[in-house]
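Some notes on the structure that comes next.
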Amino acid sequence: AADPARPAAAAAPARTRRDAAWMLSIDRVARRGQRVAAGRPSPAPRFPPTPRPPPADLGGALSSTAVVEFVESGRDALLALSADATEDVKALADFFSVDVVGPAVAPTACAGGDAFRLLVPVTGPAPIVGGAAGGRVVFEGVALTLPPRAKQAWAALPAPPSASTTTPGAPGGPALALVAAVQTTANARLLVSGSEALLADASTAPVLGAGGRVAAPANAALARSLLAWAFNEAGSLDASPIRHRLATPGPGGARRRGGDAPYRVGDEVTVEIDVWETVPGGGRRPFRGGDVQVEYTMLDPHVRLFLAPANATSSPTLAATLKAPDVYGVFKFVVRHARPGLSFVDREAVAPLRPFAHDEFDRFLPAALPYYTAAGAVSVAFFGACLAALYSE
């Protein structure tokens, strides 16, 4: 609350956030409190005030703990930072394995000759940047780094090679990220943008590019793609349970007694799974990544194959046929797919493998013909010797 002794600060318009984009800019609240305590008025708002209250899912209080619980519960969020981000905001980003380094600068490829306004080529993962890939965006804010422990975070907008930070000893170039994308094992997503201006309407104005040419930045297209990814409207995969059956059920197509599973050593088994991919604007389409694998595993994978589309139509079914190994036990089919920018797919199905039953062996084995011949020859020689002994003098 504002101090009654400072009417100028109390009457100053408060900065608001855009609830429609769910921009969780906690540092704005902290900076406003610092300005009021110091007697300095807050700057004029960039956007018109939004009459709606904070989301009820956050309990009405915007705090680091609330944001962490919000994301860990399986929901999505967008965190936009600025050059004067507070320590609480930096700690929140660090909780999700994103380190805030400092203001990003670049002596070359600057917008209007300002070293703090970068013209950055969009080279992030295709599911995240979408149609903005290949364009250039205006960036003014802080740089981020992803430590080695960040196994589920990617650089959605890598920094250009000439970029660096004002922090001494900090890395530069491709080691920096301007926008980071985080995805939990529950497929909840958090997008950390190092710049509020990257998503602002003012960033769509033409700027001076290389050689003094006027260029229209791709900030609007990138913002739409980032928001679509952050809220699971793009790059989200949905998979059905794994299905498996005998590729050749038997003579005349008859099923084996007791069903297909457990399978027998040496059987030809077909495994199938349906995978869809969401598209921006609603709806979904069959996923055609071409790198989805299936494993037939018991402690360790015994067979690993790529799944291919079952047909050339719009069916989402991916299938593969494998030969059961000569090892019996409790096997299972496993499909695990994890690629940058795509949600995780983890499906399992138990499919035991058994040896031949006593009545399933072949009655005559061509490979054993020498043994059959030897047994017959010994029998004939034995009876011949007996007859010779009986009828000889």
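Which condition number in (1) assigned to a helix (DSSP H, G or I); (2) modelled with pLDDT under 90; (3) among the hydroxyl-bearing types (Ser, Thr, Tyr); (4) within 24 Å of the chain's Cα centre (by Cα) is the one that Ser225 fails?
(2)
Hey, among Ala83, Ala155, Ala150, Ala180, which residue is under 28 Å from Arg339 (Cα atoms), among the hydrophobic types (A, V, I, L, M, F, W, C) and in contact with a Pro (Cβ under 9 Å, 6 or more places away or on another chain)?
Matching residue, one of Ala83, Ala155, Ala150, Ala180: Ala155.
Between a residue in the range 348-370 that is under 16 Å from Gly329 (Cβ atoms) and any residue that is modelled with pLDDT of 90 or more and not in a loop (DSSP other than H, G, I, E, B), which pairs come within a Cβ distance under 6 Å, given they are 6 or more apart or on different chains?
From residues that are under 16 Å from Gly329 (Cβ atoms), the pairs are Glu348/Lys332; Glu348/Val334; Ala349/Phe333; Val350/Lys332; Ala351/His244; Ala351/Phe333.
Any chance you could count how many residues in the range 309-322 are open to solvent by 50 Å² or more (accessible area, probe 1.4 Å) and either farther than 21 Å from Tyr263 by Cα or in contact with a Phe, Trp or Tyr (Cβ under 7 Å, 6 or more places away or on another chain) (or both)?
So the answer is 6.
Could you please tell me which pairs satisfy a Cβ distance under 9 Å, a separation of 6+ or placement on different chains, a first residue in the range 112-140 that is outside any loop (DSSP other than H, G, I, E, B), and a second residue that is open to solvent by 40 Å² or more (accessible area, probe 1.4 Å) and acidic (Asp, Glu)?
Asp114/Glu140; Phe116/Glu140; Arg117/Glu140; Leu118/Glu140
Which residue is most open to solvent (accessible area, probe 1.4 Å), if the candidates are limited to the range 106-131 and must be of a type in the set (A, V, I, L, M, F, W, C) and modelled with pLDDT of 85 or more?
Per the stated criteria, the residue is Ala126.
So which strands (runs of 3 or more DSSP E) are wholly in the range 257-352 and hold at least 3 residues that are under 21 Å from Ala188 (Cα atoms) and at pLDDT 90 or above?
Hits in the range 257-352: 268-278, 332-337, 345-350.
Taking the conditions exactly as written (of a type in the set (A, V, I, L, M, F, W, C), on the phi < 0 side of the Ramachandran plot, buried (at least 18 other Cβ atoms within 10 Å of the Cβ) and at pLDDT 75 or above), does Ala247 satisfy them or not?
No, not satisfied.
Can you tell me which residue in the range 137-151 is farthest from Gly102 (Cα to Cα), limited to those that are open to solvent by 30 Å² or more (accessible area, probe 1.4 Å) and either at pLDDT 85 or above or acidic (Asp, Glu) (or both)?
Checked the range 137-151; the qualifying residue farthest from Gly102 (Cα to Cα) is Leu146.
If you check every pair at least six apart or on different chains, which have Cβ atoms under 7 Å apart with a residue in the range 86-109 that is free of Cβ contacts under 8 Å to residues at least 40 places away in the same chain first and a residue that is part of a strand (DSSP E or B) and open to solvent by 20 Å² or more (accessible area, probe 1.4 Å) second?
Every condition considered, the pairs that remain are Lys90/Val100.
For the range 159-204, how many residues are open to solvent by less than 30 Å² (accessible area, probe 1.4 Å) and assigned to a strand (DSSP E or B)?
13
Among (1) touching a residue at least 24 places away in the same chain (Cβ under 8 Å); (2) touching a helix residue (DSSP H, G or I) at 6+ places or on another chain (Cβ under 6 Å), which single condition is Pro161 missing?
(1) is the only condition that Pro161 fails.
Can Leu299 be described as loosely packed, with under 13 Cβ neighbours inside 10 Å and among the hydrophobic types (A, V, I, L, M, F, W, C)?
For Leu299, the condition - loosely packed, with under 13 Cβ neighbours inside 10 Å and among the hydrophobic types (A, V, I, L, M, F, W, C) - is met.
Residue by residue through the range 176-197, note down the ones that are within 17 Å of Ala159 (Cβ to Cβ) and modelled with pLDDT of 85 or more.
Scanning the range 176-197 gives Leu176, Ala177, Leu178, Val179, Ala180, Ala181, Leu191, Val192, Ser193, Gly194, Ser195.
List the number of the failed condition for Ser162; all other conditions in (1) modelled with pLDDT of 85 or more; (2) out of contact with any Lys or Arg (no Cβ under 8 Å at 6 or more places or on another chain) hold.
That leaves (1) as the condition not met.
The values are calculated or read from the model by the stated rules, or taken from the named source; none is laboratory data. Everything quoted here is computed from the prediction, not taken from an experiment. No Cβ is skipped: glycine too gets one built from the backbone with ideal geometry, and neighbour counts run over all protein chains shown. SASA here: full protein model, heavy atoms, side chains in, ligands and nucleic acids out. Shrake-Rupley method; radii C 1.70, N 1.55, O 1.52, S 1.80 Å.
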